Amino acid sequence: PLEVRFTDVVFGYGDSRSPAHHGVTFAAPPGGLTALVGPSGAGKTTVFALLERFYDHNAGTLTVGGRDIRDWPLAELRAALAYVEQDAPVLAGTLRDNLLLAAPAATPGELAHAVTRTRLDDLVARLPEGLDTQVGHRGVTLSGGERQRIALARALLRRPRLLLLDEVTSQLDAVNEERLREVIVELAADTTVLVIAHRLSTVVRADRIVVMEAGRVRARGTHDELVRTD
Ligand code: ADP
Ligand code: ADP
């Protein structure tokens, strides 16, 4: 697992008047679940965009695994991390196609494992032909939650050392949301997991929470610590 460390990171998107990050400082320890919480526009997604190096920060220091992010060969950096977005695109092919997109060399055992870890078994069971059923095919409509789980299974197959999850439980019903949160806590045992959440109440089990607002870190701590100081 890779440690992530932002130290006084300043970043502005080219066309905007005020920076998206005004000196962001936090660390996500290697292994463990770190949550970025805060209102829309706080700069949470920008943290992920900088980690993927879609953009370079303007000032401050950003290290991944103790190494300055600019010193990572881009392909190596992107191979080490996996990003699952809120509205993850799902191929109009089979579930297996969707999984193999991420890991063409995956064995059947690895596919089954990724599926089980994301509790996709219940999804698969409801489709007529198991893994080879046409997922997303005309006539087969997937719910947002099913798409989110497929996208997570796809990300896990790549065995990321850093997993970036953007509101991935937002479209699930309460039961599946709790199940997926359990899976995420388990995953954090052997990979660094960074999650974006809107509300503190959805990240009660995070090892640490970084509260962002208007491009700055407003507070950090465990859920209990933050609730106490609120
Ligand atoms: P760690 O304790 O593993 O260094 P932290 O997230 O606590 O991880 O700290 C990350 C960085 O933020 C460090 O450089 C630390 O000095 C700084 N830092 C920690 N707590 C605060 C705080 N309350 N205010 C400002 N900077 C802080
Ligand atoms: P959050 O994820 O917390 O909602 P973001 O990181 O998406 O916040 O956005 C932080 C700030 O950067 C906001 O003011 C937003 O409008 C701006 N921003 C985000 N993406 C872009 C972009 N691609 N181009 C210009 N400004 C952007």
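The values are calculated or read from the model by the stated rules, or taken from the named source; none is laboratory data. Bear in mind that the values here come from a model prediction, so they are computed numbers and not experimental data. No Cβ is skipped: glycine too gets one built from the backbone with ideal geometry, and neighbour counts run over all protein chains shown. The protein model used for the area step is the full one, side chains on, heavy atoms only, and it has no ligands, DNA or RNA in it. Shrake-Rupley method; radii C 1.70, N 1.55, O 1.52, S 1.80 Å.
Of note:
- Percent of alpha-carbon pairs separated by more than 15 Å within the range 1-41: 56
- Rounded to the nearest 20 debye, dipole of the chain from Cβ charges on Lys, Arg, Asp, Glu: 220
- Taking all C-alpha pairs of the chain, those more than 23 Å from each other amount to 49 percent.
- DSSP-loop trypsin sites (Lys or Arg not before Pro) across the range 181-230, with at most 12 other Cβ within 10 angstrom: 199
- Here residue 37 sits with roughly 10 square angstrom of accessible surface, probe radius 1.4 Å.
- Three-way shape call for the range 189-230 based on the alpha-carbon gyration tensor, with the a/c threshold at 1.5: oblate
- Sparse packing (at most 10 other Cβ atoms within 10 Å of the Cβ) combined with a DSSP loop state is found for the following trypsin sites (Lys or Arg not before Pro) in the range 1-96: 17.
- In the elastic network of the chain, a GNM with C-alpha springs shorter than 10 Å, the most mobile of 183, 168, 24 is 183.
- What the chain shows is 48 Å² of accessible area per residue, with the surface traced by a 1.4 Å probe over protein heavy atoms.
- Among 100, 180, 194, the residue with the largest mean-square fluctuation in a Gaussian network model of the chain, with springs joining Cα atoms closer than 10 Å, is 100.
- Helix-derived mean residue ellipticity, 222 nm - over the chain, DSSP H n ≥ 4, -39500 (n - 2.57), to 500: -9000 deg cm²/dmol
- Under the criterion of Cα pairs below 8 Å and six or more residues apart, the relative contact order for the chain equals 32 percent.
- Here the accessible area is traced with a 1.4 Å probe on the protein chains. For the range 54-112, carbon and sulfur cover 56 percent of it.
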